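This report refers to the structure that appears directly beneath it.
The values are calculated or read from the model by the stated rules, or taken from the named source; none is laboratory data. Computed from a predicted model, the values in this text were never measured in an experiment. Ideal geometry is used to build each Cβ from the backbone, glycine not excepted, and the neighbour counts take in all protein chains shown.
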Amino acid sequence: MELIKSQRPQPTKDPRLWVITSGKGGVGKTFIASSLALTISKLGHSVVLVDLDLSGANVHTALGLEPSHLSIRNFYEGQKTLQEIVIPTPYPHLSYVQGFWDSWDSSSASADIVAKLLPELRHLKADFVLVDLGAGASESHLCLMDNADERFLVTTPEPTSIEKAYRFIEGLMCYKLKLDSQPDAYNSFIKKLREYRQKIVDRPFSIRKYIRESDGLRIDHFESLSTHPVRLIMNCSRSQTHADLGYSMRSVCNKYYDVSLDYLGAIEYDNAVWQSVRNMAPFLVSQPFTPLAGQFLGICKQLIDPEELRAVV
Ligand SMILES: Nc1ncnc2c1ncn2[C@@H]1O[C@H](COP(=O)(O)OP(=O)(O)O)[C@@H](O)[C@H]1O
Ligand SMILES: [Mg+2]
């Protein structure tokens, strides 16, 4: 019997790489990453969701799936290519790569793994590759973010989360500077920054001013941050005031860091989210017609060309 072939054309170009991270853990990265992945796949694009939260892989839980014996460990140890450990899901056009079960040592989080992963992430057979990263501005996270087509920073309205989001942005800027600058100049800049931070601990300050005053530092990375902005999502919003915090963060970043932060909008808090995790049914699958689902669609529509949406739906 002849197999019925899918009507959908196979992707012909390299996938777009979207990376989702946060300053603080537990703010909803996995929920956001899996919901964005489901939304894009419902629009007809093929998506691979890669779990790179080395300290707590749980994409399979967010997708309501039993854990698989295949994981990124197989890739890391050279037994399989990344493409070979892509696992299908019951959701059309969506597959995933399961994260480490066994990242008890810090070597799993090294820059080596990122260097090994990046070319293979770029060649997965999909229209979109979404990466659910762990929290915090570690060098491997910053390197992946720097190489992504879109990078998302998730925060909640809690002050602890917002504070860590700012620290993350400062970390990203310093990482970019370090890549571009003379080591001596970079070290003396960091020393100056620390002295200043010790005096003023409670508010952001102009990093650009300090860069200007330091010889040997390149400042054109600011331009690259403007053309390649960090996309902010305010998760677990319970009011308009919460949602508006994203605009305030955007202004702070423009004013003090000179960094272009693009606020994509708020995702509401909804008790049904954790209930759906408990029931092993992704929220967007069990409740596809809620305001929350509309908020994810709104985010995707800001980033995907409408012509492309028409082409696949
Ligand atoms: N918008 C939301 N409304 C309600 N609960 C949420 C929302 N976003 C995330 N959660 C819940 O918060 C917890 C942490 O989310 P998770 O995505 O695992 O965070 P992270 O990946 O950043 O550690 C989970 O129990 C999740 O179901
Ligand atoms: Mg997570």
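For this structure, a couple of remarks:
- Filter result for ASP262 (under 21 Å from LEU17 (Cβ atoms), among the charged types (D, E, K, R) and either touching a strand residue (DSSP E or B) at 6+ places or on another chain (Cβ under 9 Å) or at pLDDT 85 or above (or both)): yes
- In the range 11-60, the residues that are farther than 29 Å from MET249 by Cβ and within 12 Å of ligand 2 (Cβ to nearest atom): HIS60
- Helices (runs of 4 or more DSSP H) fully within the range 226-313 counting 3 or more residues that are of a type in the set (Ser, Thr, Tyr) and away from ligand 1 (no atom under 14 Å from the Cβ): 240-252
- Test: residue in the range 112-127 that is within 23 Å of SER237 (Cβ to Cβ) and away from ligand 2 (no atom under 16 Å from the Cβ): no
- Of the residues making up the range 37-54, those that are part of a helix (DSSP H, G or I) and within 16 Å of ASP305 (Cβ to Cβ) are THR39, ILE40.
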